[in-house]
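Engineer: The structure under discussion is supplied below as structure tokens; questions concerning it will follow.
The values are calculated or read from the model by the stated rules, or taken from the named source; none is laboratory data. Here the structure is a predicted model, which means the values were calculated and not measured. Please note: Cβ atoms are built from the backbone with ideal geometry, for glycine as well, and neighbour counts cover all protein chains shown.
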Amino acid sequence: MSELREPAATAVRQCLALEAEETCVIVTDDKRESIGQVLYEVAGEITDEAMIVRYPPGDQHGEEPPAPVAAALQGADTFLAPTTKSLSHTRARSEATKAGARGATLPGITEDVFLAGLEADYDRIGTECDRMLEQVSGADELRVRTERGTDITFEIGDREWLDDTGDVSDPGSFSNLPAGEIFIAPVSADGRFVVDGTMRPHGLLEEGQSLEFIVEDGLVTEIGDDEIREQVETAAKKADEAAYNLAELGIGTNVGVTDLVGSVLLDEKAAGTVHIAIGDNAGIGGETEAPIHLDGIIREPTVYADGTELELPVPAE
């Protein structure tokens, strides 16, 4: 576990900027205990008010955690959540940040991704996020196209673009770790998107493999993959058509991620990629609540804001 201490220190000391008088809760589960434990140990070196909460992994990304976990998040000054299933798009997480807690989720994190992804140039990530936000600011419409067949248009409305820089030093701030993206919950969308990068449950797609989705009036109406369709149909039993919501458009800004590795958490941050998500977006400025949030990463997109092509980030050589 000693090799995990350096990225843990980056998360706790640099990203979270934990201080001695603050409380810090580490939320983890049975499959991510090694990462949760080392984060807890590093936090405990800074504050006497560190604690760790562990629970069984959920069934879906975006599923609400048990009530005691939600209470622990909301009652803390700071939090880090390395879990198998994502807490990013849950009421528990959003209510915690609304109450002033600051922190980061690490959904689906593995030891390999923890080691590779936390050592990032956070100043450069912040610069790239600012540059991209400037390009999309005020745009009413975003269009994404690829040679693989993606051609989808997003209506932005009055929704706000958000960024994920890895800096969670301000009260109420929130990030994913590893970090590096700008993203929005669009009002609506129409078109076709073809995932050719990474998507759960498949991981990194093989060369030539792709997953196709059709979107009409902000809802996914066709899913060209049996396993993903089954996940969405299962969520729809609880949330009806909300499970089919076109939830998110994101643009990766981490120039240090030069290759996709099969982890959505890391791959969606890869500079110059786009990711599109299905399901819940209430935690990122949308209005749809669903027990699912599925991201698909798209390689080599061309993106337009009100007809003007964007200058996307380029991975470092």
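Engineer: Please work out which residue is modelled with the lowest pLDDT, limiting yourself to region 115-161 and to residues that are of a type in the set (A, V, I, L, M), farther than 21 Å from residue 186 by Cα and not in a loop (DSSP other than H, G, I, E, B).
Structural biologist: My answer is 116.
Engineer: Residue 28 passes all but one of (1) out of contact with any Gly (no Cβ under 7 Å at 6 or more places or on another chain); (2) under 25 Å from residue 295 (Cα atoms); (3) crowded, with 18+ Cβ neighbours inside 10 Å; which number fails?
Structural biologist: So the condition that residue 28 fails would be (1).
Engineer: Which residues, counting only those in region 288-299, are assigned to a loop (DSSP other than H, G, I, E, B) and either surrounded by fewer than 24 Cβ atoms within 10 Å (Cβ to Cβ) or at pLDDT 95 or above (or both)?
Structural biologist: Within region 288-299, 288, 289, 291, 299 meet the criteria.
Engineer: Just give me the residues in region 75-90 being surrounded by fewer than 23 Cβ atoms within 10 Å (Cβ to Cβ) and either closer than 19 Å to residue 171 by Cβ or out of contact with any strand residue (DSSP E or B) (no Cβ under 8 Å at 6 or more places or on another chain) (or both), in sequence order.
Structural biologist: 75, 77, listed by residue number.
Engineer: Right, something else. Pairs under 6 Å by beta carbon, first residue farther than 28 Å from residue 84 by Cα and at pLDDT 95 or above in region 201-220, partner surrounded by fewer than 16 Cβ atoms within 10 Å (Cβ to Cβ) and β-branched (Val, Ile, Thr), six or more apart or different chains?
Structural biologist: Within 6 Å, the pairs are 214/221.
Engineer: Inspect all residues belonging to region 278-287 and state whether any of them is closer than 18 Å to residue 144 by Cβ, modelled with pLDDT of 95 or more and not in a loop (DSSP other than H, G, I, E, B).
Structural biologist: Yes; the residues of region 278-287 include at least one that is closer than 18 Å to residue 144 by Cβ, modelled with pLDDT of 95 or more and not in a loop (DSSP other than H, G, I, E, B).
Engineer: Is one or more of the residues making up region 75-85 over 19 Å from residue 23 (Cβ atoms), touching a residue at least 24 places away in the same chain (Cβ under 8 Å) and in a helix (DSSP H, G or I)?
Structural biologist: No, that holds for no residue.
Engineer: Same structure again: With respect to residue 91, determine if the residue is more than 12 Å from the chain's Cα centre (by Cα), in the same structural domain as residue 56 (by TED's automatic domain parsing) and under 27 Å from residue 217 (Cα atoms).
Structural biologist: yes
Engineer: Among the residues of region 266-287, which ones are hydrophobic (A, V, I, L, M, F, W, C) and either surrounded by fewer than 24 Cβ atoms within 10 Å (Cβ to Cβ) or without any contact (Cβ under 8 Å) to a residue 24 or more places away in the chain (or both)?
Structural biologist: 271, 282, 284
Engineer: Still on this structure, please answer the following. Can you pull out the residues in region 86-114 that are of a type in the set (S, T, N, Q) and in a helix (DSSP H, G or I)?
Structural biologist: 94, 97
Engineer: Would you pick out the residues in region 164-173 that are buried (at least 22 other Cβ atoms within 10 Å of the Cβ) and either part of a strand (DSSP E or B) or over 14 Å from the mean Cα position of the chain (by Cα) (or both)?
Structural biologist: 164, 168
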